[in-house]
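Okay, structure first, notes after.
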2 protein chains.
Amino acid sequence: MRSRVFSVLAIAALATACARIAAAGGVSGGHADAVAPALLGLAVLLLAAKVGGDLCDRIGQPAVLGELLVGVVLGNLDSLGVHQLAYLKHDPAIALLAELGVILLLFEVGLESSVGEMLSVGPSALVVAILGVVAPMALGFGVSEWFHPGSVYLHLFVGATLCATSVGITARVLQDLGRSQTPEARVILGAAVIDDVLGLIVLATVTGLIAAAGGGSGVSATMVGGIVGKAVAFVVGAVAIGYFLSPSVLRMAARLRARGMLLTTGLFICFLLAYLAQQVGLAPIVGAFAAGLVIEDGHAEPFYARGSDKLHELLHPLLTFLVPIFFVRMGLLVDVRQFFDPAVIGFAVALTAAALIGKQVCGLGVLSPGLNRVAVGLGMIPRGEVGLIFANIGAAMGLNGQPIVGPQEFSAVVFVVMATTLMTPPLLRWSLAK
Amino acid sequence: MRSRVFSVLAIAALATACARIAAAGGVSGGHADAVAPALLGLAVLLLAAKVGGDLCDRIGQPAVLGELLVGVVLGNLDSLGVHQLAYLKHDPAIALLAELGVILLLFEVGLESSVGEMLSVGPSALVVAILGVVAPMALGFGVSEWFHPGSVYLHLFVGATLCATSVGITARVLQDLGRSQTPEARVILGAAVIDDVLGLIVLATVTGLIAAAGGGSGVSATMVGGIVGKAVAFVVGAVAIGYFLSPSVLRMAARLRARGMLLTTGLFICFLLAYLAQQVGLAPIVGAFAAGLVIEDGHAEPFYARGSDKLHELLHPLLTFLVPIFFVRMGLLVDVRQFFDPAVIGFAVALTAAALIGKQVCGLGVLSPGLNRVAVGLGMIPRGEVGLIFANIGAAMGLNGQPIVGPQEFSAVVFVVMATTLMTPPLLRWSLAK
């Protein structure tokens with residue numbers, strides 16, 4: 001125990017030293033180079049992410065929560081008079097690497113599920129997933145309209161951020177409880193995967209509507225139908241074409257006499273589909289997810305036969321480097337002072353309630369008798385990376401010179417993610433122990 | 001054979017399709033997002049790098065040459081009326097990732113050699129290395145002064161680019177010939193490692209002098225001494241302090257309950273030292289190399305005991321992704337039309353001769369009798385990544401509004417790298433076969 005306290009103190013001392021070095025760098029400021037602050041920022045972010053992850057793990061919480069929290073701490077140091085790390089929020093290099101990180105994260109999530117699995121999760125998972133998207137979307141829209149009457153695009157975005165269940169957090173809790181092979185777990189995980197796809201289609205539709213509104217055209221039912229159709233067509237089309245093409249692409253790549261071909265080919269497919277998604281007006285993460293979905297382990301046999309590591313193992317170091325940058329950066333963008341405003345904290349709490357209640361409706365969708373419906377509903381509560389990604393896209397999109405998701409709403413969404421992440425492990429443990 | 005031809009054709013067709021898509025993206029241009037062109041650029045660069053590497057491997061040349069050559073082809077398409085890929089040369093995201101790639105490459109080169117090895121390579125390697133830095137530096141300075149009289153900083157930079165032997169290419173050729181355990185190989189590889197350090201000190205000195213000149217102060221012998229002293233002090237100091245601190249940092253990191261701690265800690269040390277190097281006026285790669293040098297495999301025992309992969313294995317996917325971006329980008333920046341100018345091609349050929357003759361002087365430094373001195377001299381010929389990195393830094397540095405290394409000189413340095421890389425394998429094979 002003493003050695004642990006020592007190690008935490010030592011790391012805190014190291015972090016302080018880094019912050020001082022950062023401060024010194026910020027003060028001298030002689031080097032106008034773009035790389036120098038990014039290098040220091042990267043070192044600070046990577047260390048901070050791991051310290052946060054460690055502390056959360058010690059109190060039984062998922063590491064992603066720790067990464068968000070250290071981000072919040074680092075991002076609000078300037079309220080305490082420490083301004084030297086404030087540049088991290090807007091550093092273009094950090095922003096680019098964070099975005100690459102989230103693209104690769106969605107690629108990895110896609111790799112973990114296969115088209116076959118998606119088709120075979122069964123009617124329960126599908127009904128649970130649809131209810132779990134519709135109910136929180138409607139409740140989120142309602143809460144947003146109550147607190148900020150009028151701005152329909154904001155309501156759509158806020159609703160969308162409440163749709164997608166965070167597969168990672170649920171899976172981790174079920175695994176920790178030794179319950180990942182139960183029927184409830186299969187329904188939850190299957191529904192969470194369908195959730196992701198539905199959530200991405202919702203996002204594509206909302207962003208498409210906003211882009212059309214920015215272009216001056218009004219919103220009509222035909223247009224909504226057209227955008228939903230385009231989103232569904234891209235996802236289904238990319239998956240269908242990719243599913244038949246990717247084996248041949250990988251087989252051809254295996255013939256090239258160059259090292260690292262499996263990872264390079266995977267990244268090539270991921271970046272190409274992410275780019276194409278963006279070209280048709282969708283978020284790049286939709287394409288990255290589709291790319292992961294169409295590459296199946298069986299297609300890479302020629303590489304594995306020669307002793308190559310699996311593709312997801314090769315991706316792992318890239319995720320280790322880039323994904324924490326995304327989550328710490330999300331925390332950095334939260335302005336804690338906004339929670340002193342009763343309206344903001346009220347909005348955040350009401351949204352959290354909407355997120356919670358919305359997913360309990362899911363339990364009603366379980367068709368097989370004898371399953372623990374409460375546990376299924378509770379297992380769908382956590383919102384994580386996808387909600388944050390949506391909020392981030394909303395903050396970056398603008399209409400009439402105003403961001404769709406303003407700093408206050410952004411902070412409220414981060415609050416929802418943190419609150420749902422915090423409450424799921426104890427609730428699920430309680431429900432499954434009954 | 002037919003299947004190979006087919007695969008090359010199919011890949012060429014795929015590359016053409018990508019270029020078309022890129023062209024379409026360039027024409028529509030509606031999306032002002034910074035990520036979209038970078039995503040497509042990344043996909044194109046990664047594919048192009050591997051196709052180039054494959055073609056070079058088939059004709060017995062190292063992959064790095066292929067990456068440079070495809071870069072030259074892609075970068076000069078606009079002379080043929082294809083302008084859609086021209087943005088790749090100046091895309092900030094590609095530039096940032098290329099720079100990260102070269103920082104991680106030097107970190108990896110540092111990891112491959114240890115402080116103990118550096119101290120034990122013996123007097124032959126040290127004398128060979130010093131001769132191999134002084135002679136090409138002097139010859140390069142002379143050639144540059146002959147072709148471009150007056151600009152002393154350019155001469156210093158040109159001389160510096162001829163200093164460092166490319167360890168990778170030599171090691172690969174020796175390995176391919178089954179000669180990597182001979183005494184000649186040990187002298188060559190030992191000298192190449194010392195070369196790297198000496199080259200970095202030369203670079204630090206030259207950039208320091210230019211920074212001082214930009215600040216308005218004249219160049220004096222005291223100042224040169226001061227800058228050389230600072231460079232040596234940083235390298236020796238960082239290595240000495242890091243060598244004693246890094247085991248404790250790694251031991252503390254091993255106590256954190258977070259995944260990916262070994263890679264994260266390695267990257268943390270790398271980025272921190274790269275940043276510190278830049279803060280004292282050196283290139284970030286000097287710090288990255290020092291970081292690699294101070295981390296020894298033995299220090300990471302607590303991680304390996306738990307079944308972690310080795311640090312250099314974890315780094316591998318990052319290098320697979322980022323390093324080709326650096327080399328293809330170097331090729332992109334070469335303007336082939338400049339070689340139609342007799343002065344430029346004359347300069348390039350004269351520099352190549354200086355690079356060749358300069359390293360033959362090394363053979364004289366072999367103290368042990370009975371060794372093949374010609375083979376040692378020939379093994380030191382290839383200039384690769386380090387020469388390009390220096391040229392790149394020179395192109396980015398300016399004095400009185402002019403870059404130190406102009407586009408013509410940059411192209412000439414890339415010519416030297418390509419020519420020396422092309423000639424080494426056959427010459428070394430011939431000399432060792434005698």
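Every read-out reported here was derived from the displayed coordinates using simple, explicitly stated rules and does not represent laboratory data. Treat the numbers as computed from the prediction; the structure is a model and nothing was measured. A quick note on method: Cβ atoms are made from the backbone with ideal geometry, for glycine too, and the neighbour counts reach across all protein chains shown.
Size estimate for region A:94-433 follows the Kirkwood approach: the inverse of mean 1/r over distinct Cα pairs works out to 20.5 Å.
Taken along its principal axes, the alpha carbon cloud of region B:76-116 reaches lengths of 54, 19, 8 Å, longest axis first.
The 3J(HN,Hα) values that the Karplus relation (6.51, -1.76, 1.60; θ = phi - 60°) gives for region A:98-108 are, in residue order, 4, 5, 4, x, 6, 5, 5, 5, 5, 4, 4 Hz. Gly and Pro appear as x. If the label point is 7 Å along Cα→Cβ of B:R255, which residues in region A:45-74 have backbone nitrogen under 15 Å from it? It comes to A:51, A:54-55, A:58, nothing else.
Extension gain, A:A353-A:R337: 0.36 nm per intervening residue step, less the Cα-Cα distance, totals 3.6 nm. Proximity of backbone amide H atoms, modeled 1.01 Å from N, is registered between A:L399 and A:I404 at under 5 Å, excluding neighbours fewer than 5 places apart on the same chain. The phi torsions of region A:357-374, fed into the Karplus equation with coefficients 6.51, -1.76 and 1.60 and a -60° offset, translate into couplings of 5, x, 7, 5, 4, 3, x, 5, x, 5, 7, 5, x, x, 8, 6, 5, 4 Hz, rounded to whole numbers, with Gly and Pro shown as x.
Model label sites at B:H90 and B:V152, defined 7 Å from Cα along the beta-carbon direction, differ in position by 3.4 nm. About the centre of its Cα atoms, region A:94-433 shows a dipole size close to 340 debye [charges on the beta carbon of Lys, Arg (+1) and Asp, Glu (-1) only; nearest 20 debye].
Computed from the alpha carbon atoms alone, the convex hull of region A:299-434 holds 207 Å³ per residue. Inter-part distance, region B:270-300 to region B:327-372, computed on C-alpha centroids, equals 28 Å. If you take the alpha carbon atoms of region A:220-307 and fit the smallest convex hull around them, that volume is 79 Å³ per residue. Between B:L399 and B:V228, the simple spin-label model (points 7 angstrom out along Cα→Cβ) gives 1.8 nm. Computed from the C-beta positions of A:E301 and B:L80, the FRET efficiency with R₀ = 45 Å rounds to 0.70.
Computed from backbone phi, the HN-Hα couplings of region A:417-434 come to 4, 5, 5, 5, 5, 5, 7, 4, x, x, 4, 5, 4, 4, 5, 6, 7, 4 Hz, rounded to whole numbers (Karplus: 6.51 cos²θ - 1.76 cosθ + 1.60, θ = phi - 60°; Gly and Pro given as x).
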